[in-house]
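J.: Can you keep this structure in mind? I'll have questions shortly.
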Amino acid sequence: MKKYEIMFIVKATQESGDIKKTADNAKNILTAEKAKVNEMKELGEKKLAYSIKKEISGYYYVMQVEANKEAIAEFDRKIKLDENILRHLIIRLDEE
């Protein structure tokens, strides 16, 4: 399994419980695909550089993950369907 870093932005206009639920759903997508989430950090609410889908701020999350390429592809597919996720970025980390 390869190591990845995943960052995603959740809409800040939701209720605080819904923001956490959206982040947990993103994590659950990976664990359902047999990926290992080593670390998940909430970076808090930040103002966006430009509006995305008429949103001016969002909650940032970063995850350190060990997964195969199929799990990452499935995560990417499902996260695009979630209307509460404004943006996401998946980076494969170099092997050390």
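J.: What single numbered condition from (1) acidic (Asp, Glu); (2) farther than 15 Å from Leu86 by Cβ; (3) surrounded by fewer than 16 Cβ atoms within 10 Å (Cβ to Cβ) fails to hold for Asp18?
T.: (2)
J.: Restricting to the stretch 29-44, name every residue that is touching a Phe, Trp or Tyr at 6+ places or on another chain (Cβ under 9 Å) and either touching a residue at least 40 places away in the same chain (Cβ under 8 Å) or surrounded by 15 or more Cβ atoms within 10 Å (Cβ to Cβ) (or both).
T.: The answer is Ile29, Leu30, Glu33, Ala35, Met40.
J.: Okay, moving on. So how many residues does the stretch 76-96 have that are among the β-branched types (Val, Ile, Thr) and part of a helix (DSSP H, G or I)? Talk me through it step by step, then tell me what you get.
T.: In the first step, residues of the stretch 76-96 are kept if they are among the β-branched types (Val, Ile, Thr); the result is 79, 85, 90-91.
Narrowing the set further to residues that are part of a helix (DSSP H, G or I) leaves 79.
The number of residues fulfilling the criteria is 1.
J.: Take the stretch 1-15 and flag every residue that is free of Cβ contacts under 8 Å to residues at least 60 places away in the same chain and surrounded by 16 or more Cβ atoms within 10 Å (Cβ to Cβ).
T.: Taking the stretch 1-15 first, the residues free of Cβ contacts under 8 Å to residues at least 60 places away in the same chain are 12-13, 15.
Ala12 - this is the single residue of the stretch 1-15 that is free of Cβ contacts under 8 Å to residues at least 60 places away in the same chain and surrounded by 16 or more Cβ atoms within 10 Å (Cβ to Cβ).
J.: While we're looking at this one, here's another question. Taking the stretch 67-91 as the search range and keeping residues that are under 14 Å from the mean Cα position of the chain (by Cα) and charged (D, E, K, R), which one is farthest from Tyr4 (Cα to Cα)?
T.: Taking the candidates together, the pick is Glu83.
J.: Can you pull out the residues in the stretch 17-45 that are touching a strand residue (DSSP E or B) at 6+ places or on another chain (Cβ under 6 Å) and among the basic types (Lys, Arg)?
T.: Residues satisfying the conditions are Lys27, Lys36, Lys41.
J.: How about the stretch 1-28: which of its residues are under 11 Å from Met63 (Cβ atoms) and touching a Phe, Trp or Tyr at 6+ places or on another chain (Cβ under 8 Å)?
T.: Ile6, Met7, Phe8, Ala23, Ala26
J.: Then there's this: Please specify each residue of the stretch 49-95 satisfying the condition of being of a type in the set (Val, Ile, Thr) and either surrounded by 11 or more Cβ atoms within 10 Å (Cβ to Cβ) or at pLDDT below 95 (or both). Before the answer, list the steps.
T.: Keep residues of the stretch 49-95 that are of a type in the set (Val, Ile, Thr), which gives 52, 56, 62, 65, 72, 79, 85, 90-91.
Scanning the stretch 49-95 gives Ile52, Ile56, Val62, Val65, Ile72, Ile79, Ile85, Ile90.
The values are calculated or read from the model by the stated rules, or taken from the named source; none is laboratory data. Everything numeric in this text was worked out from a predicted model, so none of it was measured. Cβ coordinates were reconstructed from backbone atoms using ideal geometry, including for glycine residues, and neighbour counts include every protein chain displayed.
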